[in-house]
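The values are calculated or read from the model by the stated rules, or taken from the named source; none is laboratory data. Here the structure is a predicted model, which is why all the values come from computation and not from measurement. Cβ coordinates were reconstructed from backbone atoms using ideal geometry, including for glycine residues, and neighbour counts include every protein chain displayed.
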């Protein structure tokens, strides 16, 4: 029986001060050894499990079959009684678990231990001694059990299997951590902020952000760290050591995590997916930055102007607008640039290089003007191109960086291949389509706490809340009018500038905003994608459909503040206010100068002049010629 073997093994190792074989680690030592290098997790947890289940201190006798420790019921059922000891010294050692006696103390940190071998192993944390060396890669360890677990990386042995997903692990401790991903268990809580963690070591590391304690110091530059593995990684910046090499391209890295990230450039793996639009990313940090597009979160604020940014690097670049810093210098002509991309594009003026093959293949002759070789008679226009290296030479739009420039050029060169099955809208990128599909989704998880209205995006909810709060953070520089969204402010600014960047190719009519332009295009195409669920009538715009629906529901959401009369449309309310209360007449007839309170009344009045013209010419067919001549 298993217990008989355990009792027999106890007789083979009775020396209290014997260094090897080592007794199993107890809880206090587990916490101490969590500071090992390279972030590796020792298989201490499996030793702890063995400690709880077996009344023996000879860990080396049963290290080959560690899987037997995973079933405590099976281990104890063979005995059916309390642990027995054949030698008094073993019983004395065991009793320390219950009495808490710790007669051995570390001479460096004064920490106390129950066993002499435990304090000897602990001393290696201070001395840096690593007597156990891997025969495959030469890596050294301060605990023999860590070496045994490390060997499995080379042998490929993975004796521990998850019962839920059947994933295999070479370390019992990693299996235990993995199981928590299924259960969602975070048994370690930060006392300060309440944040939960799956590992005690990670919680302790997190708590240092509150206390500011950084016990690990770089011997070269004196920089301090709250984690030993971070200190070791930092030291490699001084030594130049890069022990982690890519087997595909040979590139070396100082950290194993950097190698793992790099390998995804070869495999194309993108394990991180956006829950909002489904777009996939190779790095978790890239996903975090992307999610802020949906949530509208901008945690990085400029200390000069207060402008918020979703990504810290964007804030860093923006800060140079205030400081005037231009850290990137051309080594040929000495010109300085605020962004590295601007310098790279500028250098090609001297070298006459073209854009990289990918950009050339994708965008063909769409490279920024500054990338093209200037002629000998370069004029002021060339200088202007140098000042605006990201200016589109097709529509004149200026971008702030090369990434936005490349994205914009797709609007000229890349066709829209992805179609929405619901409304027929076309997109150039699959992730754009996925983001659009959320509009049609019935699920609206983001609810307004004030009115209960639901939204399918957090960003739309944030904009809606401003209707209740009255917040209008965006202000026009010209007229001081405020707006709840940046998009609406940009549209408004075009009233002052007269800019109308959207032109209809059929009739030449120009528009200040894209939504009006798209609605106008449906006049030519006859498209009416919005259908009434009551009478099946179709409409060209969503707002027209919304107004029409009120004829079925009887809803009248617009109320006059003066007389409490209600209206189904906002324009009707405005007309009512001007006619009955304010007397305002903003619509003026260009023929006779008479003014009216509503646009419909002005149009009705214009028919008076039209009928006069028809009567004076005697024939309606000659009226268009007269209008063309008079400019009416």
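In region 487-584, counting only helices (runs of 4 or more DSSP H) that sit wholly within it, the ones holding 1 or more residues that are touching a helix residue (DSSP H, G or I) at 6+ places or on another chain (Cβ under 8 Å) and over 20 Å from residue 425 (Cβ atoms) span 570-576. Here is the figure for region 227-257: residues that are part of a helix (DSSP H, G or I) and farther than 24 Å from residue 208 by Cα total 2.
Taking region 308-329 as the range and being touching a helix residue (DSSP H, G or I) at 6+ places or on another chain (Cβ under 7 Å) and either closer than 30 Å to residue 457 by Cα or loosely packed, with under 12 Cβ neighbours inside 10 Å (or both) as the test, the residues that pass are 309, 310, 311.
Residue by residue through region 417-429, note down the ones that are farther than 20 Å from residue 455 by Cβ, in contact with a strand residue (DSSP E or B) (Cβ under 8 Å, 6 or more places away or on another chain) and in a loop (DSSP other than H, G, I, E, B). Listed by number, the residues that qualify are 417, 428, 429. The listed residues are 480, 432, 443, and the only one of them that is in a loop (DSSP other than H, G, I, E, B) and in contact with a strand residue (DSSP E or B) (Cβ under 9 Å, 6 or more places away or on another chain) turns out to be 443.
Let's see how each residue does on (1) buried (at least 16 other Cβ atoms within 10 Å of the Cβ); (2) closer than 30 Å to residue 290 by Cα; (3) in contact with a strand residue (DSSP E or B) (Cβ under 9 Å, 6 or more places away or on another chain):
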| position | (1), (2), (3) |
| --- | --- |
| 447 | no, yes, yes |
| 468 | no, yes, no |
| 490 | no, yes, yes |
| 510 | no, no, yes |
| 535 | no, no, no |
| 550 | no, no, no |
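Note on region 103-115: residues that are assigned to a loop (DSSP other than H, G, I, E, B) and either in contact (Cβ under 8 Å) with a residue 60 or more places away in the chain or under 48 Å from the mean Cα position of the chain (by Cα) (or both) amount to 8.
Right, residue 366: surrounded by fewer than 17 Cβ atoms within 10 Å (Cβ to Cβ) and either more than 25 Å from residue 289 (Cβ to Cβ) or modelled with pLDDT of 80 or more (or both) or not? Answer is no for this residue.
Out of 294, 266, report the one residue that is on the phi < 0 side of the Ramachandran plot and either crowded, with 16+ Cβ neighbours inside 10 Å or in contact with a helix residue (DSSP H, G or I) (Cβ under 6 Å, 6 or more places away or on another chain) (or both).
Numbers: 266 fails: either crowded, with 16+ Cβ neighbours inside 10 Å or in contact with a helix residue (DSSP H, G or I) (Cβ under 6 Å, 6 or more places away or on another chain) (or both).
That would be 294, the only listed residue that is on the phi < 0 side of the Ramachandran plot and either crowded, with 16+ Cβ neighbours inside 10 Å or in contact with a helix residue (DSSP H, G or I) (Cβ under 6 Å, 6 or more places away or on another chain) (or both).
Quick one: is residue 277 in a loop (DSSP other than H, G, I, E, B) and at pLDDT below 90? Answer is yes for this residue. When the criteria are applied in full, residue 225 meets the requirement of being within 24 Å of residue 285 (Cα to Cα), at pLDDT 85 or above and surrounded by 12 or more Cβ atoms within 10 Å (Cβ to Cβ).
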